[in-house]
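Single-structure report; data block below.
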């Protein structure tokens, strides 16, 4: 089931032969994780990219005040990794945390790069993944400087309502860069 899910996810992004798709899928390994497990801690080097078959992952860092800041949330049919560390092979400043009991597939950095060398479509897949990551990060950064708290909350409800419905207020607030108290007030208005 998980491999079929991942295969569909890949085929929705690139054209790839069944043979090459099978090669790609063979590089992914299954992993089940419990709620609040850490897949990566700050200071470790990101060695894996995860595909969420079921559940939720959160990528976050700790700011200067010691507060969690959520950078990315991955639900079903999404990939997640500490991308800067994965690319640079330097220690991560981010954590990857399991938010809900999760069924995952993961690929190692080594296998990921091997696929780039042997399957040209995988490079296309990677480029599209990087493009989406760039657009998402830019849009979020712009929202912090061009929108007030209410607008950010409304934007989140529009682009990804599952974040508000499925996750604790603490995580939702850290994702849209507002206090939990402000989030509670905004939620009570809707």
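The values are calculated or read from the model by the stated rules, or taken from the named source; none is laboratory data. Every value quoted in this text rests on a predicted model; they were computed, and no experiment measured them. With ideal geometry, Cβ positions are generated from the backbone for all residues, glycine too; neighbour counts draw on all protein chains shown.
For (1) within 21 Å of residue 25 (Cα to Cα); (2) touching a helix residue (DSSP H, G or I) at 6+ places or on another chain (Cβ under 9 Å), each residue gets a yes or a no:
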site: 45; (1), (2): no, yes
site: 57; (1), (2): yes, no
site: 66; (1), (2): no, no
site: 71; (1), (2): no, yes
site: 75; (1), (2): yes, yes
site: 79; (1), (2): yes, yes
site: 106; (1), (2): yes, no
site: 125; (1), (2): yes, yes
site: 131; (1), (2): no, no
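On inspection, residue 155 qualifies as farther than 30 Å from residue 25 by Cβ, surrounded by 12 or more Cβ atoms within 10 Å (Cβ to Cβ) and touching a helix residue (DSSP H, G or I) at 6+ places or on another chain (Cβ under 7 Å).
Counting only residues that are in a helix (DSSP H, G or I) and under 23 Å from residue 96 (Cβ atoms), how many does segment 114-160 have?
Taking segment 114-160 and keeping what is in a helix (DSSP H, G or I), we get 114-118, 120-146, 149-159.
In the following step, the residues that additionally are under 23 Å from residue 96 (Cβ atoms) were identified as 114-116, 122, 125-141, 143-144, 156, 159.
Adding up the residues that qualify gives 25.
Taking the numbered list (1) within 25 Å of residue 77 (Cα to Cα); (2) surrounded by 13 or more Cβ atoms within 10 Å (Cβ to Cβ) in turn, residue 150 passes all entries but (1).
Return yes or no: is residue 86 closer than 29 Å to residue 24 by Cα, in contact with a helix residue (DSSP H, G or I) (Cβ under 8 Å, 6 or more places away or on another chain) and part of a helix (DSSP H, G or I)?
Yes, satisfied.
Looking for something modelled with pLDDT of 95 or more, out of contact with any strand residue (DSSP E or B) (no Cβ under 6 Å at 6 or more places or on another chain) and surrounded by fewer than 21 Cβ atoms within 10 Å (Cβ to Cβ) - is there at least one such residue anywhere in segment 64-73? No. Run residue 81 past the list (1) over 13 Å from the mean Cα position of the chain (by Cα); (2) surrounded by 21 or more Cβ atoms within 10 Å (Cβ to Cβ) and report the number of the one that doesn't hold. All conditions pass for residue 81, except number (1). Counting the residues of segment 9-20 that are in contact with a helix residue (DSSP H, G or I) (Cβ under 8 Å, 6 or more places away or on another chain) and either part of a helix (DSSP H, G or I) or surrounded by 12 or more Cβ atoms within 10 Å (Cβ to Cβ) (or both) gives 6. Checked against the criterion of being crowded, with 19+ Cβ neighbours inside 10 Å, more than 17 Å from residue 101 (Cα to Cα) and touching a residue at least 40 places away in the same chain (Cβ under 8 Å), the candidates 49, 23 yield just one match: 49.
For segment 113-127, the criterion of a residue being within 18 Å of the chain's Cα centre (by Cα), in contact (Cβ under 8 Å) with a residue 60 or more places away in the chain, surrounded by 12 or more Cβ atoms within 10 Å (Cβ to Cβ) and within 19 Å of residue 76 (Cβ to Cβ) is satisfied by at least one position. If you go through segment 55-82 and pick out every residue that is farther than 13 Å from residue 162 by Cβ, in contact (Cβ under 8 Å) with a residue 24 or more places away in the chain and in a loop (DSSP other than H, G, I, E, B), you end up with 3. If I ask for residues that are closer than 18 Å to residue 146 by Cα, in contact with a helix residue (DSSP H, G or I) (Cβ under 8 Å, 6 or more places away or on another chain), touching a residue at least 60 places away in the same chain (Cβ under 8 Å) and in a helix (DSSP H, G or I), which ones from segment 170-185 would you list? Result: 175, single match.
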